[in-house]
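Shown next, in C-alpha cells, is the structure this report addresses.
Read-outs throughout are calculated quantities, based only on the coordinates presented, and are distinct from any laboratory measurement. Note that this is a predicted model, so its numbers are computed, not measured. Note that each Cβ is placed from the backbone with ideal geometry, even for glycine, and that neighbours are counted across all protein chains shown.
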C-alpha cells in the first residue's frame, strides 16, 4: 500500500508500463527529474527515458539533404557506442542502420535540461499543470523550443505532466488528444514518497 | 559524442541495446 520509492530501476519500469500499457501509440516517455543547482535555482534534468518507436519506422524515404544528416547521426552513434563498449571502434552492424528522427530526438534529449519555467517540461512544473500540445501547427507555433524541435523530428503530440520529483513527458508521431486516463496513470505510477 | 553526460550512460546503454534488438529482429536473417 505504501507509495513507491524513487530509484532508477523502478523509474524505467514505470515509464515502460506507462507506454506499453497505453491504448494510444506513444513513441517515447521521459522522466525529467527535478533538482536544485549550485545557485539554488530549480532545474529539470534527464531522469530516465523509454523509447518505443513508431509504427511506420523504416518506411520513410531518404531525401538527398538527409543523407549527410544520416552520416552525422551514424557517426555520433558509433562514437557513443564506443563510449559504452569501451572499444575504439565498433563492428556492430546495428549502429550503421538509419537513425530515425524520433530516435535522434530522444538521444539528444538525454543531453538537455530546463531551468524553472523554461520549455514544455519546465512550464508544466512551474504551473503545476499538464501541457498537452497536439498537431504540427500547434507544435510549430509553440514558444517552447523543445516543442518546435519535436515537430521538426516528426512528432505530432507532446505532453508534459507534472508529478512528484519532476515531469513525465510523452511524445507521439500520431495525433493523440487529451486523456484523463493517461494523467491518472501518471499520478499513480509517479507518485514517489521521497 | 565527447560532450555526452556520463550520468546518462545507463540510459544510453539501454537505448543502444534495445535499438540493436529491434534492428536484429527486423533482419530477414533473424532466427
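Below 8 Å between Cα atoms, with a sequence gap of 6+, how large is the relative contact order for region A:119-194 in percent? Write out the running numbers ahead of the final one.
Details: 115 pairs, mean separation 22.3, N = 76.
Value for region A:119-194: 29 percent.
Just counting partner chain Cβ atoms within 10 Å, what average do the residues of peptide A:23-31 show around their Cβ? Please report the intermediate quantities before stating the final value.
Numbers: counts 0, 0, 0, 0, 0, 1, 0, 1, 0.
Mean partner-chain Cβ count within 10 Å for A:23-31: 0.
Starting from 0.36 nm per residue, how many nanometres of slack lie between residue A:183 and residue A:87 once their C-alpha separation is accounted for? Kindly include the intermediate steps, with their values, before the conclusion.
On the way: separation 96, 0.36 × 96 = 34.56 nm, distance 4.25 nm.
The span from residue A:183 to residue A:87 would gain 30.3 nm if fully extended.
Along the Cα→Cβ direction, 7 angstrom out, place labels at residue A:10 and residue B:25. What is the inter-label distance in nm?
For the pair residue A:10/residue B:25, the computed spacing is 2.7 nm.
Using a 10 Å cut-off around each Cβ of peptide A:105-111, what is the average number of partner chain Cβ atoms that fall inside?
Working: counts 0, 2, 7, 0, 2, 8, 4.
For this peptide, the per-residue mean of nearby foreign Cβ atoms is 3.
How well do other chains shield peptide B:18-26, expressed as the mean number of their Cβ atoms within 10 Å of each residue Cβ? Kindly include the intermediate steps, with their values, before the conclusion.
Numbers: counts 4, 11, 6, 1, 8, 8, 3, 0, 3.
Whole-number average of other-chain Cβ neighbours for B:18-26 is 5.
In terms of the Cα gyration tensor, with a ≥ b ≥ c the square roots of its eigenvalues, is region A:116-194 rounded because a/c is under 1.5, prolate because a/b exceeds b/c, or oblate? The partial results should precede the final answer.
Numbers: a/c = 2.44, a/b = 1.49, b/c = 1.63.
Here region A:116-194 falls in the oblate category.
At residue A:41 and residue B:13, where each label point lies 7 Å from the Cα along Cα→Cβ, what is the point-to-point distance in nanometres?
3.2 nm
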